[in-house]
Amino acid sequence: RLARLSATGEVMLPALGQTTGARFQLLAQAGMPVFWEHLLVRAGLKTAYGIGSLDFASEGFAAPRGFGVEARPLPGRTVASLDLLAPIGLFDLPLVPKLALLGMSAGLHAEAVADWELAPGSFGLPWVCAGAETVFLVDVFGLKMPIGLGVSARFDPTGGRAFDVMQDLRGYVFLSFDSFLAAAKAARPASRPLLD
């Protein structure tokens with residue numbers, strides 16, 4: 001999938017508790033093949049905004065890769081990302097009975113995190129992140145499952161906070177049904193079967 005756009009929202013009514021408010025989320029992604037065959041550049045934007053007494057401080061939708069849910073000082077957070085994606089190979093490699101490696105792909109990513117509010121002048125850029133990911137497409141009992149491994153590091157773009165390896169370097173594992181194998185799909189002729 002070279003392009004994707006989705007928007008969601010939820011409203012909490014004061015029916016059973018004291019929490020009220022709304023949360024809105026937007027995701028936009030677009031990718032395009034570039035100078036080498038099978039190489040793909042993808043730009044993305046994830047944004048979330050909460051109002052009322054709804055706990056937006058723990059919103060995990062717009063979070064940089066590997067860092068998950070964390071408190072944020074303002075009701076809005078946006079993560080802009082840029083990925084360079086490439087397939088490593090397509091295989092049919094049995095590992096053990098009922099488990100096989102079908103393919104691998106990899107990517108590099110850079111992300112900028114911004115906290116904001118609708119009021120004028122309420123904007124902050126707390127983090128810039130960079131990292132790498134590898135996706136393994138495995139066949140488990142006939143089910144194709146993309147499993148990813150990644151590492152991400154975050155940096156304070158203002159230079160006001162020193163890099164701390166224990167807090168600012170994270171490894172992570174993910175299931176990616178919208179995986180970096182999209183890079184292989186981008187340049188493959190339509191007559192050949194697609195790896196999903």
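Arg161 exposes around 80 Å² of accessible area when a 1.4 Å probe is run over every protein chain in place.
The 3J(HN,Hα) values that the Karplus relation (6.51, -1.76, 1.60; θ = phi - 60°) gives for segment 20-34 are, in residue order, 9, x, 9, 9, 10, 9, 9, 10, 9, 9, 8, x, 8, x, 10 Hz. Gly and Pro appear as x.
Cα centroid separation, segment 17-40 to segment 105-174: 14 Å. Near Ile88, the amide H atoms lying under 5 Å from its own belong to Met104, Ser105, Ala106; only residues 5 or more places off or on other chains count, and H is placed 1.01 Å from N.
The values are calculated or read from the model by the stated rules, or taken from the named source; none is laboratory data. What you see is a predicted model; the values in this text were computed from it and never measured. Please note that ligands, DNA and RNA were not included when accessible areas were found on the heavy atoms of the full protein model with its side chains. Shrake-Rupley method; radii C 1.70, N 1.55, O 1.52, S 1.80 Å.
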